[in-house]
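The values are calculated or read from the model by the stated rules, or taken from the named source; none is laboratory data. Since the model is a prediction, treat every value here as computed from it, not as a measurement. FYI the Cβ positions are ideal-geometry reconstructions off the backbone, even for glycines, and counts take in every protein chain you see.
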């Protein structure tokens, strides 16, 4: 039931917005303009959602330090290596 509950919560947030209209985390395909994530890469990002639409939060307080940027870059490098190992290019 846990996966079903997670899907329900995700759809609720996507439709009605997050609790108190705050951000939620959602996997989106990056357009190359935020957090140095390459265009075309799916990545979990902070978004504001409502009416089955979303907007990436480009200013995010956690991102004000170097640690999150390093973690994101490490994840990007790992994903790119995995994609390269199967012959896929973004």
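Brief remarks on what is shown
- In segment 1-25, the residues that are closer than 14 Å to residue 57 by Cα and either at pLDDT 90 or above or part of a helix (DSSP H, G or I) (or both): 21
Matching residues to (1) surrounded by 14 or more Cβ atoms within 10 Å (Cβ to Cβ); (2) in contact with a helix residue (DSSP H, G or I) (Cβ under 8 Å, 6 or more places away or on another chain); (3) over 20 Å from residue 32 (Cβ atoms):
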| position | (1), (2), (3) |
| --- | --- |
| 54 | yes, yes, no |
| 59 | no, no, no |
| 66 | no, no, yes |
| 81 | no, no, no |
| 84 | no, no, no |
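Matching residues to (1) in contact (Cβ under 8 Å) with a residue 40 or more places away in the chain; (2) surrounded by 10 or more Cβ atoms within 10 Å (Cβ to Cβ):
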| residue | (1), (2) |
| --- | --- |
| 5 | no, no |
| 11 | no, yes |
| 17 | no, yes |
| 34 | no, yes |
| 41 | yes, yes |
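- Among residues of segment 51-90, those that are outside any helix (DSSP H, G or I), under 17 Å from residue 25 (Cβ atoms) and either in contact with a strand residue (DSSP E or B) (Cβ under 8 Å, 6 or more places away or on another chain) or in contact (Cβ under 8 Å) with a residue 40 or more places away in the chain (or both), counted: 5
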